[in-house]
Amino acid sequence: MLEQKINEIFGDKDHTGFGTGWWSGVLSAFFGLLAFGAVLCLHFPQLLTSPALRPYYSMYLIRLLIQVVIVAAIIFGVVSAMLRRKKVLALTGMMFALGATLLGGASVPINEPINEGPAIGLDWFLLDMLLMTLIFSPIEVLWPAYPEQSVFRFEWLTDIVYFLSTHLPIQLTSFLILLPATQLSAILGIPAVINAMGRLPWLVQFFLAILVADLAEYFIHRAFHKVPFMWRFHSIHHSSKALDWIAGSRAHIVEDVVVRGFILIPMMLVFPRNINVAYLLFVTLHATWTHCNFGPTIKWLEPFLILPRYHHWHHTSQTEGIDKNFAIHFPWIDRIFGTYYFPEDKWPDAYGLAGEKIPAGFWRQTFYPFTRTKAA
Ligand SMILES: [Zn+2]
Ligand SMILES: [Zn+2]
């Protein structure tokens, strides 16, 4: 298995705490890979950058960011090489940073005119990976709910492939997600409703948007649990044996498109565009956070807003938590519909599928729902 090979090549038996050269090595390799990918984007912008993102780029800032990432890869590489016996991580990071520099670094000119047309969202993958890692990895490392759980826990690579798989074909997936909602809102949309909504205070609109989205999410999520054919897709999201921010990206592409598309329909019928965009930002951060291996909690907030411990109970393989906690923002939605389970101060002991086996790895899981296997 590739993951095992990578763990063997890059890992070692030494301690991984601060000051051991472990984190600096990991960061060096991470930044080196990001830098290399970013320079490739500069060389092949037509093929490797998303047309939807291009208009928003400040090339000055992007080039500055690439420079920072290259320098970070080298500095962390040097630190790690000095502190740690095994130098593979440090060397990998520095090699990629050097490769990125030799390919022209941050100053590769973009000469060709860039047209719309099919492209791979490598830029989106790199930027979102950097952003999510910067936001969520530090809090997981500093305040974990399960301190013994490593960042490189079982099947970490599978989940990175899932993250890739939702970012690279961004053009296609966003088209599929938007299609039903735009068609329906063109036919059924009542401009007066959206205008009236737009006159409410911004915070009220935003709260209502989260509520409408979570109600839609509740029903489609519950359907994914209760309809056996749909469960074959959703079981993949539940197959994670340990949760962290990247585990949240493990979802079958069909489920991803159906759930997002389904939620967008009422949203586009009721709310103005700026509210829908604000909600998309919110759901990305909130849903990712609820999967985090993050222990601290805010007691008084727990009944009102979903914090990681709540969604972790949705992922448990313990009988008491099965088919509970379908909401993703407001726990009281589960209370209303009788699917609430939230024991005080306790985290689950086990995660994953109870008594069910699904294949390992991205491709086998992608084909799994379509293959008829007899239950053993
Ligand atoms: Zn679920
Ligand atoms: Zn989840």
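No value in this document is a laboratory result; all are computed from the given coordinates. Just so we're clear, the structure is a prediction, and the values are computed from it rather than from any experiment. Backbone-built Cβ (ideal geometry, glycine too); neighbour counts: all protein chains shown.
Return a whole-number percent for the relative contact order of the chain, with Cα pairs under 8 Å and 6 or more residues apart as the contact set.
Across the chain, relative contact order equals 16 percent.
Hey, got the dipole for the chain? About the Cα centre, +1 on K and R Cβ, -1 on D and E Cβ, debye to the nearest 20?
280 debye
Taking the Cα centre of region 156-262 as origin, sum charge times position over the Cβ atoms of Lys and Arg (+1) and Asp and Glu (-1), and report the length of that vector in debye to the nearest 20. Don't skip to the answer; put the middle values down first.
Working: 7 positive and 6 negative charges, 38 e Å.
Magnitude of the dipole: close to 180 debye.
Placing +1 on the Cβ of each Lys and Arg and -1 on the Cβ of each Asp and Glu in the chain, which of Tyr368, His329, Ser165 has its Cα farthest towards the positive end of the resulting dipole?
The listed residue farthest towards the positive side: Tyr368.
Based on the Cα gyration tensor of region 1-117, what are the three equivalent ellipsoid semi-axes, each the root of five times an eigenvalue, rounded to whole Å and given largest first? Please report the intermediate quantities before stating the final value.
Values: eigenvalues 200, 45, 25 Å².
Semi-axis lengths for region 1-117 are 32, 15, 11 Å.
Taking neighbour Cβ counts within 10 Å as the exposure measure, how do Met82, Met197 sort from fewest upward?
The fewest-first ordering by Cβ neighbours comes to Met82, Met197.
Give the Kirkwood hydrodynamic radius (Å, one decimal) of region 223-352, defined as one over the mean of 1/r across all pairs of different Cα atoms.
Roughly 15.5 Å, rounded to one decimal.
Stokes-Einstein at 37 °C, 0.692 mPa s, Kirkwood radius from Cα pairs: D for the chain in µm² s⁻¹?
Answer from the Stokes-Einstein relation: 146 µm²/s.
For region 266-324, report the translational diffusion coefficient in µm²/s to the nearest whole number, using Stokes-Einstein at 4 °C, 1.567 mPa s, and a Kirkwood Rh over Cα pairs.
Details: Rh = 13.4 Å.
The estimated diffusion coefficient comes to 97 µm²/s.
Compute the orientation-averaged projected area for region 1-60 from the convex hull of its Cα atoms and round it to one decimal in nm².
The orientation-averaged projected area of the Cα hull of region 1-60 comes to 6.8 nm².
In whole Å, what is the distance between the alpha-carbon centres of region 47-98 and region 143-213?
Cα centroid of region 47-98 versus Cα centroid of region 143-213: 28 Å apart.
Given all pairs of different Cα atoms, what value in angstroms does the Kirkwood hydrodynamic radius of region 119-229 take?
Evaluated over region 119-229, this radius sits at 18.1 Å.
Considering only Val151, Pro180, Met197, whose Cα is most displaced toward the positive end of the charge dipole of the chain, charges sitting on Cβ of Lys, Arg (+1) and Asp, Glu (-1)?
Pro180
Give the order of Arg63, Arg273, Arg54 when sorted by the count of other beta carbons within 10 angstrom, beginning with the fewest.
On the way: Arg63 17, Arg273 11, Arg54 14.
Starting with the residue having the fewest Cβ neighbours, the order is Arg273, Arg54, Arg63.
Amide H to amide H under 5 Å from Ile114: which residues, 5+ apart in sequence or cross-chain, H placed 1.01 Å off N in plane?
Hits under the 5 Å cutoff: none.
Give the distance, in whole Å, between the Cα centre of region 120-136 and the Cα centre of region 1-26.
Cα centroid to Cα centroid, the span is 22 Å.
Using a cut-off of 11 Å between beta-carbons, work out the net charge of the residues near Phe44 (Lys and Arg +1, Asp and Glu -1, Phe44 not included).
Here the count lands on -2.
Taking only complete DSSP H runs, can you tell me which helices of the chain stretch 30 Å or more along their own long axis by Cα positions and average at least -0.5 on the Kyte-Doolittle scale? Let's see the in-between values first.
Numbers: long enough: 22-43 (32 Å, 1.63); 59-83 (36 Å, 2.41); 202-226 (36 Å, 0.94).
Helices passing the filter in the chain: 22-43, 59-83, 202-226.
Using a 10 Å cut-off around each Cβ, can you sort Asp323, Asp123, Asp214, Asp345 from fewest to most neighbouring Cβ atoms?
Asp345, Asp323, Asp214, Asp123
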